[in-house]
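Okay, so here's the structure we're looking at.
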Amino acid sequence: MVPDKSHKIAVGLSGGVDSSVAALLLKRAGYDVFALFMQNWHDTTGTLHGDCEWEEDRFIAEMVAKKLDIPFYFVDLSDIYRKRVVDYMFSEYEKGRTPNPDVLCNREVKFDAFLKEALDLGADFVATGHYCRKEEFKDASGNIIYRILRGRDPGKDQSYFLCQLDQQQLSRTLFPIGYLLKSEVRELAREAQLPSAEKKDSQGICFVGKVDLPLFLQQKLEPKEGDVVEIFREHYDSIPVKESLEEMASPLCYTPSQGKVIGSHQGAYYYTIGQRKGLNIGGHKEPLFIISIDITTNTIYVGEGESHPGLYRRALKILPAEVHWIRPDLALESSKELECDIRIRYRQPLQKGRLICRREALYILFDKPQRGITPGQFAVWYASDGEMLGSGVING
């Protein structure tokens, strides 16, 4: 449904320049707009910013709303955020998987709990400052189908973070700045003299900020010393070439006897595949990268150099229960395949590959081996025209 001037629109005003310009554009277009600021986090344990960052964000958001002459509302969703996002994070890290809290925040909070709050306040739509585009069309039966497409600015495209939204959520959402470049958004904010015009973009975990991850996770996951084992390149000379999809999608498993203990760590669940910082182990010509994590034995396996073969794999697997189609009408049936563009982390350049649907799993086979395929992260697939079709949690 396309909004008309009779519809009321709630803008998720965060205090940042992107949501501010989203509100500005809607206001200029003549819509009935109000601002809704949400607080999702109170605890500052492990955070690397000041204790009152959210208070500063709220102050700027209120100033923007005043400048635009639109009503301002506040909602505290911290209990929901903790239960649906943060508790999920702890659970995933404890299993040795690396979650993406920003994706979960959008699915469970911004476009669910927050959306409901906005609707209760009389809104017909919720608008955010995401860099992505939304389109709609009617199918042969007259049903409205919603599409999410990558943002016009290739350096700021945020469609990845919306990869778990569904048709119902999209029916109520707007992305006013998706057709703009970041530089154009800044310029619009400056011209309108918005208080957020020069505010730096937020970083780190959604609504939590930049964190010292081990310290943050220690709220529930206690430190536990274990070994760091280096796996040398020559180890791979004796490994048979993987041929089946299941083999290619399965990460290699190691044992300490296959390498050398070169240090210790304070908890395997504090680390992630592909990580190079935080090990504090010297004596190597090239940087060390984490190539495997064994939660059961509390062992981290590392390899030297970006080209280490343990970092690369050609395929990944997604279990059926963790496959999500934004466009259910395009969902693959068992034994079917689909050529598409794929991204396994935010800001990664799109990779060519093929979705292969089997009864036991959805596999993604890449044209080229991928570095740092990480269980718990989201793989996202796009059509050639930039439409995001679906996503899934990487299992292996």
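Quick notes on this one:
- Any hit, segment 101-118, residues being among the small types (Gly, Ala, Ser) and at positive phi: no
- Here residue 83 meets each of (1) open to solvent by 50 Å² or more (accessible area, probe 1.4 Å); (2) not in a helix (DSSP H, G or I) with one exception, condition (2).
- Residue match in segment 128-141 (condition: among the β-branched types (Val, Ile, Thr), touching a helix residue (DSSP H, G or I) at 6+ places or on another chain (Cβ under 6 Å) and open to solvent by less than 20 Å² (accessible area, probe 1.4 Å)): no
- Sub-7 Å Cβ pairs linking a first residue in segment 229-248 that is under 23 Å from residue 289 (Cβ atoms) to a second residue that is modelled with pLDDT under 90, at least 6 apart or interchain, are 248/242, ordered by first then second residue.
- The set of residues from segment 144-186 being open to solvent by 30 Å² or more (accessible area, probe 1.4 Å), touching a residue at least 60 places away in the same chain (Cβ under 8 Å), in contact with a strand residue (DSSP E or B) (Cβ under 7 Å, 6 or more places away or on another chain) and farther than 25 Å from residue 100 by Cβ comprises just one member, 144.
- The number of residues in segment 331-347 that are in contact with a strand residue (DSSP E or B) (Cβ under 6 Å, 6 or more places away or on another chain) and touching a residue at least 60 places away in the same chain (Cβ under 8 Å) comes to 1.
- Members of segment 354-396 found to be acidic (Asp, Glu) and part of a loop (DSSP other than H, G, I, E, B), listed by number: 360, 385
- Taking the conditions (1) on the phi > 0 side of the Ramachandran plot; (2) of a type in the set (S, T, N, Q); (3) open to solvent by 70 Å² or more (accessible area, probe 1.4 Å) in turn, residue 307 satisfies each one other than (1).
- Checked against the criterion of being more than 18 Å from the chain's Cα centre (by Cα), of a type in the set (Gly, Ala, Ser) and crowded, with 21+ Cβ neighbours inside 10 Å, the candidates 189, 197 yield just one match: 189.
- Total residues in segment 53-77, condition modelled with pLDDT under 90 and closer than 22 Å to residue 106 by Cβ: 3
- Segment 28-52, residues that are modelled with pLDDT of 70 or more, among the small types (Gly, Ala, Ser) and surrounded by 16 or more Cβ atoms within 10 Å (Cβ to Cβ): 35
- Only one entry in 220, 210 is closer than 30 Å to residue 183 by Cα, modelled with pLDDT under 95 and open to solvent by 70 Å² or more (accessible area, probe 1.4 Å), namely 210.
- Boolean, residue 102 is under 16 Å from residue 23 (Cα atoms) and either buried (at least 18 other Cβ atoms within 10 Å of the Cβ) or within 16 Å of the chain's Cα centre (by Cα) (or both): no
- On the stretch given as segment 9-27, residues that are among the charged types (D, E, K, R) and surrounded by fewer than 24 Cβ atoms within 10 Å (Cβ to Cβ) total 1.
The values are calculated or read from the model by the stated rules, or taken from the named source; none is laboratory data. Every value quoted in this text rests on a predicted model; they were computed, and no experiment measured them. Methodologically, a virtual Cβ is constructed for each residue, glycine included, from the backbone with ideal geometry; neighbour enumeration extends over all protein chains shown. We work out accessible area using only protein heavy atoms, side chains counted, and drop any ligands, DNA or RNA first. Shrake-Rupley method; radii C 1.70, N 1.55, O 1.52, S 1.80 Å.
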